[in-house]
Amino acid sequence: MNKRLIWNAFKYLLAVGLLTYVVSRNWSPTSEAGDSLPGLKDVWEAHVIRGQPIHGDFLLLAATIGLVAVLLTIIRWYFLVRAQGLPFTLSNALRLGLVGFYFSIFLPGSVGGDIIKAAFIARGQSRRTVAVATVILDRAIALWGLVWFVALLGAVFWLTGSLDGEVGDRLRTIVGVAIGLIGLSLLLCLLLAVLPARRARRFAMRLSHIPKVGHAAAEFWRAIWMYRRRPKSVLLALLLALVGHVGFVLTFYFSARTLFEPDQLPACREHFLIVPVGMVIQAMPLFPGGAGIGEAGYGWLYQLLDYPARSGVLASLVQRVIFWTLGLAGYLVYLRMKPVLQPITQTASDELATAARV
């Protein structure tokens, strides 16, 4: 217990330390010639000290779109759970999805909330490992949708000649990697599609004989096999993921527009290629809600497009405040829907830990 506490404290200190470093690095930056460049200090003095107004309409738009995107992720998970034939209502999905989003904002890595969702849905289901598998597969489809998102839009931008020049070369590299990952994933799906049912059952039986984790591993494999036989549900989840990613990109873009004019930022279409990369960076473990690493990542991505890093850092900070607010509001709604939080049973905790190891 002491080691776990120290390790968790280290994660938060790491995030705070990196965030402090990123902010201080962009507080009052200087060019190679030694000239002072506009930094976070200027924005702070303009909007906090002197009271210069921000673009409140864009802030409200970013918060609204962000809320819709979060709700779409919850609906996507709901359809995946129902595809497994598990008893589950939309209100339960909303309740667990909101508390999961809250913890994903404040726990290390964006998957921290998934652990909470998995624990609570496992507690209310007889097929607990399958219930946990729905959370894992929802995360996998979200990441797969992110790659599809970049590949599809990037291909359109590429074919229409919108990725020109040196910056275009960098964006084409991102698009090329996404297309390569899509090709690899389609190959794996093809192999799964031609796998005979008898071999799938035989493989599940072999997994069940593994000591300690065999039952959980077999159930997890059966869950994957069940989704393989429900392509419409997977396709629907993928489409919802794509729409949700549009919302998250626009949330970031309008967060940036809250403080900056259009000519001070990369074009909106360029955000559709760099924000997904930033989302992956922000999902790295060790950083609660991606704090610090997200700001550093977006600053680097803005520099990649020849824009000041401080613009990306500020946009990420505005977005973070929006999601903090939405996360806290979601948790309050969760408490309103179910005021008494029952403790997780030991059985559900053990199954969750076993599934995580698998």
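Relative to the longest principal axis of the C-alpha atoms of the chain, give the angle of the C-alpha long axis of helix 346-357, reported between 0 and 90° and rounded to the nearest 10°. Rounded to the nearest ten degrees, it is 70.
Net charge dipole, segment 90-232: roughly 1180 debye, given to the nearest 20, about the Cα centre with Cβ charges of +1 for Lys and Arg and -1 for Asp and Glu.
May I have the count of lysine pairs in the chain with C-alpha atoms under 28 Å apart, counting pairs 8 or more residues apart or located on different chains?
On the way: Lys3/Lys11; Lys3/Lys117; Lys3/Lys212; Lys11/Lys41; Lys11/Lys117; Lys117/Lys212; Lys117/Lys232; Lys117/Lys338.
Pairs that pass both the separation and distance tests number 8.
Residues of segment 235-257 falling in the label zone of Val156, defined by backbone nitrogen less than 13 Å from a point 7 Å along Cα to beta-carbon, are 242-243, 246-247.
Length gain on complete extension for the stretch Arg4 to Thr64, per 0.36 nm per residue less the alpha carbon to alpha carbon distance?
Details: separation 60, 0.36 × 60 = 21.60 nm, distance 3.70 nm.
Full extension from Arg4 to Thr64 adds 17.9 nm.
Structural descriptor for the chain: relative contact order 30 percent, calculated from alpha carbon pairs under 8 angstrom and at least 6 residues apart.
If a spin label sat at a point 7 angstrom from the Cα of Val177 along the line to its beta carbon, the backbone N atoms of segment 283-306 nearer than 20 Å would be those of 283-287, 290-306.
Of Leu190, Leu86, Leu60, which is the most mobile in a GNM of the chain whose springs link Cα atoms less than 10 angstrom apart? Highest fluctuation among the options: Leu190.
Solvent-accessible surface (1.4 Å probe) assigned to Ser233 amounts to roughly 30 Å².
Report summary: the helix-based calculation at 222 nm, which adds -39500 (n - 2.57) for every DSSP H run with n ≥ 4 and divides by the residues of the chain, gives -25500 deg cm²/dmol. Averaged per residue, the chain has 51 square angstrom of accessible surface, using a 1.4 angstrom probe with ligands and nucleic acids left out.
Ordering 68-80, 171-183 by mean Cβ neighbour count within 10 Å, with the highest value first, yields 68-80, 171-183. The magnitude of the dipole of segment 121-174, with charges of +1 and -1 set on the Cβ of Lys/Arg and Asp/Glu and taken from the Cα centre, is near 560 debye.
What shape does the chain take by its C-alpha gyration tensor, where a ≥ b ≥ c are the square roots of the eigenvalues and a/c under 1.5 counts as rounded, a/b above b/c as prolate, and the rest as oblate?
Details: a/c = 2.04, a/b = 1.52, b/c = 1.35.
Taking the square roots of the gyration eigenvalues as a ≥ b ≥ c, the chain is prolate.
The angle between the Cα long axis of helix 90-106 and the longest principal axis of the Cα atoms of the chain comes to about 50 degrees, rounded to the nearest 10.
Could you tell me the calculated FRET efficiency between Arg199 and Ser24, based on Cβ-Cβ distance and R0 = 56 angstrom, to the nearest 0.05?
Values: r = 57 Å, r/R0 = 1.02.
After rounding to 0.05, the efficiency reads 0.45.
Placing unit charges on the Cβ atoms only, positive for Lys and Arg and negative for Asp and Glu, gives the chain a dipole magnitude near 2460 debye about its Cα centre. Simple rule: put +1 on each Lys or Arg Cβ and -1 on each Asp or Glu Cβ in the chain, find the dipole, and look at Leu96, Leu301, Gly17; the Cα lying farthest toward the positive end is Leu96.
Sorted by mean Cβ packing within 10 Å, highest first, what order do the peptides 289-298, 45-54 take?
Values: 289-298: 25.5, 45-54: 10.5.
In decreasing order of mean packing, 289-298, 45-54 become 289-298, 45-54.
The stretch between Arg170 and Arg230 holds 17.8 nm of extra length on full extension. This uses 0.36 nm per residue minus the Cα-Cα distance.
Fully extending the segment from Leu286 to Lys41, taken as 0.36 nm per residue of separation minus the present Cα-Cα distance, adds 85.4 nm.
Report the net charge of residues surrounding Ser255, where surrounding means a beta-carbon distance below 13 angstrom and charges are Lys +1, Arg +1, Asp -1, Glu -1.
On the way: positive: Arg257, Arg320; negative: Asp57, Glu295.
Spelling it out: positives minus negatives among the neighbours equals 0.
The values are calculated or read from the model by the stated rules, or taken from the named source; none is laboratory data. Remember, it's a predicted structure, so these values are computed and weren't measured experimentally. Every residue, glycine as well, gets a Cβ built from its backbone with ideal geometry; the counts of neighbours run over all protein chains shown. The accessibility values were calculated without ligands, DNA or RNA, using every heavy atom of the protein model including side chains. Shrake-Rupley method; radii C 1.70, N 1.55, O 1.52, S 1.80 Å.
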